[in-house]
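Worksheet: one structure, shown below.
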Amino acid sequence: MPAPTRDRFLDLLRAAIRAGTLVKLTLGKHRGTDATLRNLFVRPVALKSGPHFAFVWRHATRDVTKNLAADAALAALEPLLGADFLDAHLFTATQSAQFETQPDGRARLKVGQAPDPISPKVRTHDRAKSHLIPADAPWLRALGVTNDRGQPREGMADKYRQIQKFAELLSHLLAEADLPVDRPLSVSDMGSGKGYLTFAVAALLGDRATIHGVEARAELVDLCNRVARDNNFAHLSFTAGRIASFEIANREPEIVNPPDVLIALHACDTATDDALAKGIATGAKLLVVAPCCQKELRPQLTAPPVLADALRHGIFQERTAEFVTDALRAMLLEWAGYKTKVFEFISTEHTAKNLMIAGIKSHPPGDPTQAARLREFAMFYGIRTQQLAAHLGFSLGQFP
């Protein structure tokens, strides 16, 4: 490969790391010896020991993360450029650069200016949780979460903890997803309710995102729009509508991009499936849902012989139906091209609605092995139909 082209890209990379202006580095078109490795993502991160860089090695079925100081980060990256990875995208506060290497060794470098100045998005691992959303934020007070002293109001301590936990989780998911950095993100919150967590997203991202909430109750839409105006959230708006019938492509005129991130928190029963389907259909890079009231599958649930005695009890039927519903959702997301994570959103001490499913777009959809496992899982529990599967045109199979 022409050494000067590679050296020019390395000079840009070194300068960005030394000056603290690196926003993101993505390496792709892997040609190394590990056939499972797909990409390498590098972002700045702040630790107690000082500025570091988070390396996320994305494999077919897992991620490996490591934090390196500046010199170690450069030493790790230099031998990979044009060798193990044939494509590199560098984004800094003021410019972007792409370094491409052909299999025959030819290389080219494209450098351009960022459309707007971009601030490096530094993730901070070692920090108090309350630092993400300041307790004295005026919008928290306007929504009735905190009082004039920045303390949770009576009965709102759990909600305040939920807001902080959500902001923490979302910050990590945003850093992991392959999101655009050359324009503001587009975020849709389907079923935004009173907007507690929608406002948390707006506060977390600032002018780096345009955020739109959809809520069926017009009085809550009016309230949230008023609070957004009063607190100078210029990039946050709310619309009245139901998830199932709302057309993301025909949203407010100022929202020109389909969602990069789609959120649906505590959307009841199959409304979660409706939201996920809309995010998948519009190509969202990150999907984040916290399901509740999973009722659809309980009437279909047929106890396999080994579980028949246990599932005679109503409480076990209810919990099994919830498990099967959300397990199917996670498996369908994997089939649709998303690396999926399922984890506890917040302790059951604070809320029973504590499960979160996150999907990060990462691979081509339609894997036949995943499809077979999905159908086998559904058949085991006697599930013939499910809302997300129907939206995706995925047949769960035929039953006798």
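Summary of computed values
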| item | result |
| --- | --- |
| Residue order, fewest to most beta carbons within 10 Å, for Met356, Met156, Met379, Met190 | Met379, Met156, Met356, Met190 |
| Cα pair distances in region 292-340, grouped into 10 Å bins until the bin that holds the longest one, percent each | 26, 45, 24, 5 |
| Longest exposed-site-free window of the chain, the sites being GluC sites (Glu not before Pro) in a DSSP loop that have at most 13 other C-beta atoms within 10 Å | 1-153 |
| Fewest-first ranking of Val181, Val306, Val187, Val214, using other Cβ atoms within 10 Å as the exposure measure | Val306, Val181, Val214, Val187 |
| Dipole moment magnitude, nearest 20 debye, the chain about Cα centre, only Lys, Arg, Asp, Glu C-beta charged | 460 debye |
| Residue-averaged [θ]222 nm for the chain, counting only DSSP H segments that reach four residues, each worth -39500 (n - 2.57) | -10000 deg cm²/dmol |
| Region 3-113: C-alpha gyration tensor shape, a/c 1.5 cut-off, then a/b vs b/c | oblate |
| The chain, Cα convex hull volume normalised per residue, Å³ | 169 Å³ |
| Of Lys24/Lys110; Lys159/Lys339; Lys48/Lys341; Lys159/Lys278; Lys165/Lys194; Lys29/Lys361, pairs whose Cα-Cα distance is over 24 Å | Lys159/Lys339; Lys48/Lys341; Lys159/Lys278 |
| In nm, spacing of pseudo-spin labels at Ala15 and Glu376 (7 Å Cα→C-beta vector) | 5.5 nm |
| Relative contact order (percent, whole number), the chain, Cα cutoff 8 Å, 6+ residue spacing | 10 percent |
| Ascending count of other beta-carbon atoms within 10 Å, so fewest first, for Phe323, Phe343 | Phe343, Phe323 |
| Share antiparallel - DSSP beta bridges, the chain, percent rounded to 5 | 70 percent |
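Coordinate-derived values only; no laboratory data. All values reported here derive from a predicted model rather than from experimental measurement. Using ideal geometry, Cβ is built from the backbone for each residue, glycine included, and neighbour counts are taken over all protein chains shown.
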